[in-house]
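Reading through the structure tokens given below for one structure.
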Amino acid sequence: MTNCISILHEEFLSESALLLTSEVTDSTVAPFSDRLMMTFVSNLIASSMGQYGIALSSSPRHDLSVHYSRLIAEVGKYANEGNKILINNGWLEQPPMAADRRDLAK
């Protein structure tokens, strides 16, 4: 085992997943684009809303349902602000819409 640790030390890598000090750099250039980061954060927010929904539907404690509902609403408002940023920068396209049946019937 010590052989593996010495190899990690030679490459200036952490020997533990808990210590990420070797991952910090002095770079001033962002490693990822703003578009990628906003998309990632937007997906995480959507996932958290889904997790609150699952918690709301499966929790045996009825007193928590009010809190879950409140959190879903708050996260929804937060997600809306993120979507506005994506739309304003042209990073989010309009999803496919259903055909206008009234217009087609004419």
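The values are calculated or read from the model by the stated rules, or taken from the named source; none is laboratory data. Small disclaimer: the values here were computed from a predicted structure and weren't measured. Ideal geometry is used to build each Cβ from the backbone, glycine not excepted, and the neighbour counts take in all protein chains shown. The protein model used for the area step is the full one, side chains on, heavy atoms only, and it has no ligands, DNA or RNA in it. Shrake-Rupley method; radii C 1.70, N 1.55, O 1.52, S 1.80 Å.
Data table
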item	result
Candidate set: the range 48-73, residues that are under 14 Å from the mean Cα position of the chain (by Cα) and open to solvent by less than 60 Å² (accessible area, probe 1.4 Å); chosen: the one farthest from Asn83 (Cα to Cα)	Gly50
From Asn3, Asn43, Asn83, residue being polar (S, T, N, Q) and modelled with pLDDT of 90 or more	Asn43
Conditions (1) assigned to a helix (DSSP H, G or I); (2) modelled with pLDDT of 85 or more; number of the one not met by Ser22	(2)
Residue ID - modelled with the lowest pLDDT, chosen from residues in the range 25-40 that are open to solvent by less than 100 Å² (accessible area, probe 1.4 Å) and within 30 Å of Glu74 (Cα to Cα)	Ala30
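Residue-wise test of (1) without any contact (Cβ under 8 Å) to a residue 24 or more places away in the chain; (2) of a type in the set (Val, Ile, Thr); (3) within 21 Å of Ser33 (Cα to Cα); (4) part of a helix (DSSP H, G or I).
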| position | (1), (2), (3), (4) |
| --- | --- |
| Ile45 | no, yes, yes, yes |
| Met49 | no, no, no, yes |
| Asp63 | yes, no, no, yes |
| Ala79 | no, no, yes, yes |
| Asn83 | no, no, yes, yes |
| Ile87 | yes, yes, yes, yes |
